[in-house]
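Only one structure is covered here, and it is reproduced in the block below.
What follows is calculated from the coordinates using simple rules that are stated; it is not laboratory data. All of these numbers come straight from a predicted model, not from anything done at the bench. Glycine also receives a Cβ, built like all others from the backbone with ideal geometry; neighbour counts cover every protein chain displayed.
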Amino acid sequence: MNEFVKQIAADARALGVREGSVLLVHSSLKSMDRQGLTPKDVIDGLRLALGDHGTLVFPTLSYMSCGPTRSLTFDVKNTPSCVGAIPEFFRTYSEEVRRSLCPTHSCAAIGEMRDAVVGGHHLDDTPCGSNSPFHRVMELDGSVLFLGCGTNCNTSMHAIEELSRPDYLFENCYTYTMIREDGSSYEQPCYAHDFKGVYQAYRRMEDVLNKKELQRGNILSASCHLMRATALWEKADAKYREDPHYFIGKL
C-alpha cells in the first residue's frame, strides 16, 4: 500500500466518511495535485476509508456518447464515461465493479451494497428515477463526496428534481438498445433531460445545508465537500416545491 492510499484514507475519515457506509463520489483527479497519483490510488484510498463493509459508487455518465443526438446504443461494458479520469478508470477497475443500466446516467459500484445500489436502474424510464443509484444511495443513508470538483456537478439533484418535475427538466422519450455484460441486448425507453435556456445552480445547496449535513475539508490538496444524502434529498426537495426554479438560472 503506497503513501497516497494511506493519506487519502486518513483524510477521507477526517472529513467524515463513515466506515461501512455507502459513498457516492464526484471527483477531479487534477485537483489532488500530486505527481504520480493515479485513479487507482484514489479508489484504493476511499475503499480503505470505507472498510470491508462499505460501498463505493461513482457516476459513470455517458451523455457525451449516448443520447438522442448521438448514439442510441448503450454497452454497459464498453460505452465510456464522460465525467473524468477516476470514474472512467473505476468502471473497469475490478471484476467486482458493476455498472447500472442507463443510457445516459449510469453509475458503477463496488462493495457490500453494490447490487442494491445499481441493480434496479433498468426499471426506470427516466435518467435518475426511483430505482436509480442516486435514489438508492439516499435510501441506504449514504453520503455524497465532491472531491475537488465543487458541488455544482451534483447529479443527485436531477433525481430530486424528478420528484417534482419542474417545467425545464424533461425533453422527449427515446428508445435505446441496451447491451448487458453478457452481450445480450434489450430495448429500453428513457426520457432525455432538457435544461434548454437555463443553467444549473446546484452549488446553492451549500447555503441550504447546515454544518452537520455538509462537511468541508481536504483530501490531499483537493478541496472537498461531504453531504449526507438524506439531508440533501429532504432539504432540496422542500426547496423545489417552494420555488421550482431555485436551483437554476436563465441563460
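Restricting attention to region 127-186, which GluC sites (Glu not before Pro) occupy a DSSP loop and are surrounded by at most 15 other Cβ atoms within 10 Å? Those that pass, being in a loop and sparsely packed, are GLU181. Grab the beta carbon distance between GLU3 and LYS196, set R0 = 51 Å, and tell me the FRET efficiency rounded to 0.05. Working from the Cβ atoms, E equals 0.60. Under a crude label model (7 Å from the Cα following the beta-carbon direction), how far is CYS173 from HIS245 in nanometres? About 2.8 nm, to one decimal. For every other residue with a beta carbon closer than 9 angstrom to the beta carbon of SER132, add +1 if it is Lys or Arg and -1 if Asp or Glu, then tell me the sum. Local net charge: -1.
Count the DSSP beta bridges whose two residues both fall in the chain, then state the antiparallel fraction as a percent rounded to the nearest 5. Just about 70 percent of them are antiparallel.
Expressed as a fraction of 2.2 N^0.38 Å, the C-alpha radius of gyration for region 110-251 is 1.12.
Taking label positions 7 Å along the Cα-Cβ direction at both THR92 and ASP141, the computed distance is 3.8 nm, reported to one decimal. Anisotropy class assigned to region 1-59 is prolate, per the alpha carbon gyration tensor with a/c at or over the 1.5 cut-off and a/b larger than b/c.
Between the beta carbons of GLU234 and LEU123, assuming R0 = 22 Å, the FRET efficiency works out to 0.40 to the nearest 0.05. I need the shape label for the chain. Rule: rounded when a/c is under 1.5, else prolate if a/b > b/c, else oblate, with a, b, c from the alpha carbon gyration tensor. Because a/c hits 1.5 or more and a/b fails to exceed b/c, the chain counts as oblate.
Placing a label point 7 Å from the Cα of LYS40 along the Cα-to-Cβ direction, the residues of region 87-104 whose backbone N falls under 13 Å of that point are 89-90, 92-95. Using the Cα coordinates of region 135-189, the gyration tensor eigenvalues translate into equivalent-ellipsoid semi-axes of 26, 19, 12 Å, sorted from longest to shortest. Comparing VAL22, VAL144, VAL97 in a Gaussian network model of the chain (Cα springs below 10 Å), the most mobile by mean-square fluctuation is VAL97. Springs between Cα atoms under 10 Å define the GNM used for the chain, and in it the highest mean-square fluctuation of ALA201, ALA108, ALA222 occurs at ALA201. Net charge in the neighbourhood of ASN2 (other residues with Cβ under 9 Å of its Cβ; Lys, Arg +1, Asp, Glu -1) is -2. Global dimensions of region 45-147 from alpha-carbon coordinates: Rg and Dmax equal 13.0, 42 Å.
In the chain, with Lys and Arg counted as +1 and Asp and Glu as -1 at Cβ, which of these residues, LEU251, ASN131, LEU220, has the Cα nearest the positive end of the dipole, that is, farthest along it? Of the options given, the answer is LEU220. Under the criterion of Cα pairs below 8 Å and six or more residues apart, the relative contact order for the chain equals 22 percent.
Label zone (THR73, point 7 Å along Cα-to-C-beta; backbone nitrogen cut-off 14 Å) within region 175-201: 176-180, 183-187.
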